[in-house]
Amino acid sequence: MSASTHVRFVLVGTQHPGNIGAAARAMKTMGLARLVLVAPEKPLDEVAFRRSAGAEDVLGDAPVYATLAEAVADCRLVLGCTARSRRVQLEELLPELAGQRAVAKAGEEGAEVAFVFGRERTGLTNEELQLCHLAVHIPSDPEFSSLNLAAAVQVMAYEVRMAVLAGQVQAPAETGFGEAPASHAQLEGLFGQLGDTLDQIDFHKGRSPESAMRKLRRLFMKAEMSEQEVRLLRGILADAQRMARLAGEKPN
Ligand code: SAH
């Protein structure tokens, strides 16, 4: 089953090891095993293993990364789960559709998919949400919107399972003209160079660069670009950077 091997659940900066154990259990009940941790506040302890209640294998196998960027570097689709609706300028999906999109993407050749969950107290930072292609919000009561971390994991894992059971794995989507889709790390390389270029051509003119970069990231994340398309754009940026350097050199 593609979903169990190619869909990972990433817990970022978790504060209570017990929640990590409960999340492992929630995943295993839905046939998912790829738990990934990013800089948990405390190491896994006895409470974590107790709360995993039989999902010790999922818990014990979970790799630990220092940053979210590293944990999703090879992913083609990254879904950020957020308790606060519309906080970020990302397209926001209901869990059911997110599960379907994840399973469809995971059915594509070589595609890896991640669901990302934030800290118990503060959720995901804006920088972390910017690494996501889409946001997912469980439509909870706006007056009391925050589920327990493991409960949110359970809802998402359930929707992934429902999508798998419904046999909704789509035929591989066309990416460009049969070209390999760009990885997350390749897109981040493009965004880094784009940011530098906009500075060098004085695009911002004293305005803060964040808003423009957020919109540009969203635009390019939506485009599902191939590796070749990213290379083409980076070539154009390199030329713009060269021209900006030449223009900056004072004539004799
Ligand atoms: N106080 C935090 C909530 C953190 S709950 C905040 O306001 O952001 C821990 C994590 O569980 C969240 O980061 C999110 O990934 C997930 N979560 C909790 N409630 C959710 C909801 N209604 N929809 C989607 N994810 C949710």
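The values are calculated or read from the model by the stated rules, or taken from the named source; none is laboratory data. Only a predicted model underlies this, so the values are computations on that prediction, with no experimental measurement involved. Cβ atoms come from the backbone with ideal geometry, glycine included; neighbour counts cover every protein chain shown. When the accessible area is computed, the model is the full protein with side chains, heavy atoms only, and any ligands, DNA or RNA have been set aside. Shrake-Rupley method; radii C 1.70, N 1.55, O 1.52, S 1.80 Å.
Given a 1.4 Å probe, how much area per residue of the chain is accessible, in Å²?
Per residue, the chain has an accessible area of 51 Å².
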Could you look at region 195-248 and say what percent of its accessible area is carbon and sulfur, using a 1.4 Å probe and all protein chains? 57 percent
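Using the Kirkwood radius over Cα pairs, work out the Stokes-Einstein diffusion coefficient for the chain at 10 °C and 1.306 mPa s, in µm²/s as a whole number. Each step should come with its number before you reach the end.
On the way: Rh = 19.3 Å.
Taking Rh from Cα pairs, D becomes 82 µm²/s.
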Sorted largest first, the C-alpha extents of region 1-148 along its principal axes in whole angstrom are 40, 39, 27
Of 150, 106, 185, farthest towards positive along the dipole that unit charges on Lys, Arg, Asp, Glu beta carbons give the chain: 150
What nm value, rounded to one decimal, do you get for the distance between residue 205 and residue 188 when each label is placed 7 Å out toward the C-beta? 3.3 nm
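Give the relative contact order (percent, whole number) for the chain; include only Cα pairs under 8 Å separated by 6+ residues. Spell out each step's value before the answer.
Numbers: 429 pairs, mean separation 53.9, N = 252.
Value for the chain: 21 percent.
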Can you pull the semi-axes for region 184-249, root of five times each eigenvalue of the Cα gyration tensor, sorted largest first, whole Å? 21, 16, 7
Over the chain, what is the percentage of antiparallel beta bridges among all DSSP beta bridges, to the nearest 5? 10 percent
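Give the total of Lys-Lys pairs in the chain with Cα-Cα distances below 28 Å; include a pair only if its members are 8 or more places apart or on different chains.
Details: 28/42; 28/105; 105/215; 105/222; 205/215; 205/222; 205/250.
Lysine pairs satisfying the spacing and distance rule in the chain number 7.
Kindly provide the helix-only [θ] at 222 nm of the chain, computed as the sum of -39,500 (n - 2.57) over DSSP H runs of four or more divided by all residues, to the nearest 500 deg cm²/dmol?
Numbers: 11 runs with 120 residues, N = 252.
The per-residue figure over the chain is -14500 deg cm²/dmol.
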Indicate the gyration tensor shape class of region 63-196 (rounded, prolate or oblate), computed on the Cα atoms with a ≥ b ≥ c the square roots of the eigenvalues: a/c under 1.5 is rounded; otherwise a/b larger than b/c is prolate and the rest oblate. oblate
